[in-house]
Structures are given as C-alpha cells and as structure tokens.
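Working notes, structure below.
Read the figures in this text as sums done on the coordinates, not as results from a lab. All of these numbers come straight from a predicted model, not from anything done at the bench. A quick note on method: Cβ atoms are made from the backbone with ideal geometry, for glycine too, and the neighbour counts reach across all protein chains shown.
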Amino acid sequence: MTKEDLKALLPADEVEIKLENGEGLPRNAFINERERFEEVQEEFEDDEEPWPDGIYVVGYEDFLGDPVCVNIKTNHVVIVSHETFEVEETLSISFEGWLRSGGRAID
C-alpha cells in the first residue's frame, strides 16, 4: 500500500468505530476525514521526536488519546503510544476491512 492508497481509503467524514473494552471501560476510535490527512501527519512529524517510518496517523482512540495509525508496509491498523511512539496494540490486519466492519459516520 502507498501513502496515496491509504489516503484514498479514508472517509469523507469522520467515522467512529467501537473498540474492544479497555480495562473494562468502553472505548472508540475516531478516523479522520480524508481532507485532514496531511495536516495530521505534520502534527506528528517532529524533528526532535522521530515518528516511526511507514506509520501514518489516521485518527485517534478516545480512552488514552493515542493515535490510530496504519502501517503501510503491513496494512495493519495499530495504536501508537503518544508518549513513546511505539506500537501498543494491533487492532486489525486490514485497514479497509476494519473500516467496513464497524465504521459509522459521526453526525
């Protein structure tokens, strides 16, 4: 998958996806609209704190506020720690399939 392929898969409007409960509490992922893709990447790319190669931010998880990302080499949907920039959790092995399985537009 390329960066442009990923961008093309993003929804036109923000989408909410229910996640498995974290520590017994409900949580959701919010996937950003396509229009914000470049803006969001710039927020996370910092010269002082290197962002992992091939990992693109597509939204955020509401429990801890960590970014929801896609590894374009593997197509895995992952949550990356906003403190350590390391992958904390793999949500799915297919971004497109994950979006189709549970996404709903936010009014």
The relative contact order of segment 60-99, taking Cα pairs under 8 Å that sit 6 or more residues apart, comes to a percentage of 30 percent
Calculate how large, on average over all directions, the projected area of the Cα convex hull of segment 28-82 is; give the answer in nm² to one decimal.
3.8 nm²
Once you've got the GNM for the chain with C-alpha springs shorter than 10 Å, pick whichever of 24, 59, 97 has the biggest mean-square fluctuation.
24
Most fluctuating of 87, 68, 58 in the GNM of the chain (C-alpha, under 10 Å) is 87
Which of the peptides 8-15, 76-83 is most tightly packed, and how do the rest follow, going by the mean number of other Cβ atoms within 10 Å of each residue?
76-83, 8-15
Distance in nm between label sites at residue 14 and residue 51, each 7 Å beyond Cα in the beta-carbon direction?
1.8 nm
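Restricting to Cα pairs below 8 Å that are 6+ residues apart, what does the relative contact order work out to for the chain? Please round to a whole percent.
Over the chain, the number comes to 24 percent.
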Looking at the chain, what % of the alpha carbon pairs are farther apart than 22 Å?
23 percent
Based on Cβ point charges of +1 for Lys and Arg and -1 for Asp and Glu, what charge dipole magnitude is obtained for the chain about its Cα centre, in debye rounded to the nearest 20?
760 debye
